Structures are given as structure tokens and as C-alpha cells.
1. Can you give me the C-alpha center-to-center distance between the stretch 120-179 and the stretch 20-36, rounded to a whole angstrom?
2. Return a whole-number percent for the relative contact order of the stretch 75-168, with Cα pairs under 8 Å and 6 or more residues apart as the contact set.
3. So what are the ³J(HN,Hα) numbers for the stretch 125-137, from phi and the Karplus equation (6.51, -1.76, 1.60; θ = phi - 60°), rounded to whole Hz, Gly and Pro as x?
4. Straight-line reach from K299: which lysines fall under 17 Å, measuring Cα to Cα and dropping same-chain residues less than 8 apart?
5. With an 8 Å Cα cut-off and a minimum separation of 6 or more residues, compute the relative contact order for the stretch 232-311 in percent.
6. Relative contact order, percent, of the chain when contacts are C-alpha pairs under 8 Å separated by at least 6 residues?
7. Express as a percent, rounded to the nearest 5, the fraction of DSSP beta bridges in the stretch 1-150 (both residues included) that run antiparallel.
8. Tell me whether the stretch 6-49 comes out rounded, prolate or oblate; compute the Cα gyration tensor, take square roots of the eigenvalues as a ≥ b ≥ c, and use a/c under 1.5 as the rounded threshold.
Amino acid sequence: MQNDFHSTTGIVTDFKRFAVHDGDGIRTTVFLKGCPLRCVWCHNPESISPKPELAFYSEKCTGCGECTRVCPNGAHIFEAGDTPDSYIHRLDRTKCAACGKCAEVCVSGALKLCGRRMSVDEVMKIVAEDRIFYETSNGGMTLSGGEPTLQPEFALALLRAAKADGISTALDTCGYTKREVYESLLPYTDIFLYDIKHITDEGHIRCTGRANRLILENLRFLSDAGAKIEIRIPLVPGYNDDAETLDGIGRLLSTVNITKAKLLPYHSYARSKYLSLGIPDTLPDVERPSSERLDAAAKLLRGYGANVDIG
């Protein structure tokens, strides 16, 4: 096996260390940039675009002006406010090249670069720092996003490097990719955390902008190939929490080999992220599913023989 995969590079959005909901044990989750779906409830909007982006949290700005000093394009503008001591900090995104220089000097955390190019070795250096926690908890590295298979060569290289280093691997995926990608990743992935967002093409298009035929075909392929699969179902009131949809998902789960299914109750905590990125907020204006609703959904799915957890 060649070792040149260590120099492979890709765009990484962020890292989440000591993650306990992204697979077994304590894990480091590596978020890769880019996603083929446009889920209306997306809680990682900074991972949708495949390109680096600058997030601007204006409420954190202290007015130090360091960003104006280092920005090569004059994208940061300070204007006088309504009172003598106040100011308005504007970001002209038409001039922003997402170079990240302003984020490097922003001590208040008002500016954050979402996405930077990293090599496999750079990523694995961070992942390996918590090896002791993986070994004592049966944890490891999880690739998430966005959708990690949108960077197939980079995802493969990271999974290979982790396995070569004795670190368990998980892939959090929406299922919307070419089968050949899963064929290449399968030998290096210990568990697939596989999203099922809706059961019909019409419903899936409404929720994500894409039909789900490819997703269901890939799920059956992984099941037939003997992959370890955990199904993830985001439960969003008014979109996929009705009995007919859940019944269809239950019938699907009864036809594939999975370890368990996990219901993920909707929340709108990511609303500030949309504002910081200057993109439309698509989060549904609905409440988190009640405990009773979650229990009822879990009971329905268990009726089809699925082992169901509520996340």
C-alpha cells in the first residue's frame, strides 16, 4: 500500500473534540466542507458551501479595528453609530476573499474562518492527540460535514490514515454520492452513521432539495455488503414526523441490517450561524418535538423490529 495519501489535502470546516454523539465512545469529529443537499433544518450551514467562508458575529466585535489593518481588500468598514461613542462594523462580502487574515487577529471571536485547506497529516496530528480517550472508551475519529463524500479522495485518505494508526473510524453521511465512493471507503470505515430524512421522493425534495432514490439504493448496498450501520433520523415537526412517513421509514428499516436507529429531535440553535454567514435562514419556525412525540415515534419504529434510541 502506498503512503502518499498522507499528503492528500482537503477543506476542513472544524473539529469537535470529546464528541460523544458521533459514534461509539469519545471521538474527534472532523467536519469536511461541502454538501450536495440543502436541508431546511441544517444545523451546520457553514459546511454547505465547498469553499471557505468568513463568519461575522457582529455582537462580539469590540471595535479594535485590527481587521481593517490586515484585510487586503478593504472588506471591513467601520462607520459612526447613532451616538458619539458608538460604531457600526460592516463586512462587504463582495470584497471578502475568505483569506482568514482578519480572523487570525480578531481576539474577540467576532470573525471566524469556516474552512481551510489541510493535509491528512495535519488533520491526523490533531486527531491523534486524544488517542488515550479513544482507547479507554472504544471511540475514534468520525468524518462529518457537510457531506464528507463530497471530498472522496480526502475522506478516503483520512480513513486510511486513521486505520493505519489504529484509530477506529466512523462516517456520518447523507447517502447522496456515487456507489463507487462507498465501495472505496467501505474497507476503512468501522461504522456508517447514515441519515434517513424522509421516505418519499416528494417529501425528500421538500426537505432537502434532492430526491432520495440514490440514498436508499446506497443504504441497501452497504447493508448487503455487511457494513455496520447506524441510522440517523432528524425528527422535524411538519416535515417528517407524521405517522405515514415514520411508517414508511419503519418498513425500510425492516429490510436492511442496522445496529440501531437514532431519533434526533429538531432544534433551532444554529440560527445565529446563518446570520453570521450572511445567508438566508431556512430553519423551520417550529418547536422541538415533545418527549411524548419522540416516544410515540420511537414506539412506531420499534414496531418494525428496530432498536431505537432518542438522541
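Read-outs: derived from the displayed coordinates by stated rules, not from any lab. Here the structure is a predicted model, which means the values were calculated and not measured. As a convention, Cβ positions derive from the backbone with ideal geometry for all residues, glycine included, and neighbour counts pool all protein chains shown.
1. If we compute the Cα centre of each part, the gap is 8 Å.
2. The normalised contact order for the stretch 75-168 reaches 18 percent.
3. For the stretch 125-137, the Karplus curve yields 4, 6, 4, 5, 4, 10, 3, 4, 6, 5, 5, 8, 10 Hz.
4. Once the sequence-local lysines are set aside, what remains near K299 is K260, K262.
5. Reported as a whole number, the value is 46 percent.
6. It rounds to 19 percent for the chain.
7. 80 percent
8. Working: a/c = 2.54, a/b = 1.16, b/c = 2.19.
Judged from the Cα gyration tensor, the stretch 6-49 comes out oblate (a/c at least 1.5, b/c at or above a/b).
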